[in-house]
């Protein structure tokens, strides 16, 4: 996860450093012979005992896959919907703490209408939910907010946002993709690992969870837990003082508040996106229609981490060449950050997120005139 850790040599039993992507590294489980005999704990219910939100909000909508969180301060202005990653951890990754919150950074620069997808932990009756179900509910959320929205996709929420923008181009005004894995032909340790694992590994992982992937079990299986150095690198600040100690404790709690994933959804991501590269290859079928990324012509902002070993900068920025957006309407930035630091890092929130907010608020008509 952390910059320092990325320079260390991990043994075969260690997962990728970023906990957001741990569920997609199931190949490593095949190397642990005792995996199949570990006792499975009872699933953790997501309730009010979880960490509180940093930004005051209300539940605008209850859907099968998510709660739509309304963080707005005023009913006027252009709405922004932050699409959090649905990969093991809660959407609090987008609203972690003051100075470490995507929601608050957008609000601080004049984006008053901010919404957030809070994905639900998969219950047994959700095991057959697919990517289409998540796209459908995202569409309902956008309609509830009022299209067109500015869509801000984080990590796994990035490729979902991109699919949505391609499938419903009239409903997205601008698109922000932060550390988003889209073109998996560009090598990363994660994509290589996912492709090389046998199908049986993933199928047995889902079967063991009763049709879902157990977030609690996945977290418990890993022998490596984030060190203080890891967390310091993700938060991009010294954690030796009193405030830092509180952030460290909060991170530890956030790290243990896991989500289960529907087995069908999980296997589709592993096979269709990470192994077959269908989104970048133009072969992904979303809600009955083959997605062509050239249909995405809205202005796009791409943010990458220079120290991101989960979604390398070259991979995150390559999306610019896949979409139909004219080059003058594509903005890109790279930060000296690891993967989690893109969402939680104090330095990233001081530099990159204000620029994103200003870009969302900016008038692009001058760019249009110059490119005409």
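The values are calculated or read from the model by the stated rules, or taken from the named source; none is laboratory data. Quantities reported herein were computed from a predicted structural model and do not represent experimental measurements. When we count neighbours, we look across all protein chains shown, and the Cβ atoms used for this are built from the backbone with ideal geometry, even at glycine.
Only residues that are more than 19 Å from residue 150 (Cα to Cα) and either more than 16 Å from the chain's Cα centre (by Cα) or part of a helix (DSSP H, G or I) (or both): list them for region 328-348, please.
Initial filter on region 328-348 (more than 19 Å from residue 150 (Cα to Cα)): 334-341, 344-348.
The answer is 334, 335, 336, 341, 344, 346, 347, 348.
Scan region 212-231 and tell me whether some residue there is without any contact (Cβ under 8 Å) to a residue 60 or more places away in the chain and closer than 26 Å to residue 179 by Cα.
yes
Among the candidates 368, 342, which residue alone is at negative phi and either touching a helix residue (DSSP H, G or I) at 6+ places or on another chain (Cβ under 7 Å) or modelled with pLDDT of 95 or more (or both)?
342
Scan region 62-89 for residues that are in a loop (DSSP other than H, G, I, E, B) and buried (at least 23 other Cβ atoms within 10 Å of the Cβ) and jot them down.
First pass over region 62-89, keeping only residues in a loop (DSSP other than H, G, I, E, B): 63-65, 71-79, 84-86, 88.
Matches in region 62-89: 71, 84, 85, 86, 88.
Are there any pairs, at least 6 apart or on different chains, whose C-beta atoms fall under 6 Å, with the first in region 104-131 and within 18 Å of residue 357 (Cα to Cα) and the second assigned to a loop (DSSP other than H, G, I, E, B), and if so, which?
Partner pairs satisfying both residue conditions: 104/55; 112/73; 112/74; 112/77; 113/72; 113/77; 113/79; 114/71.
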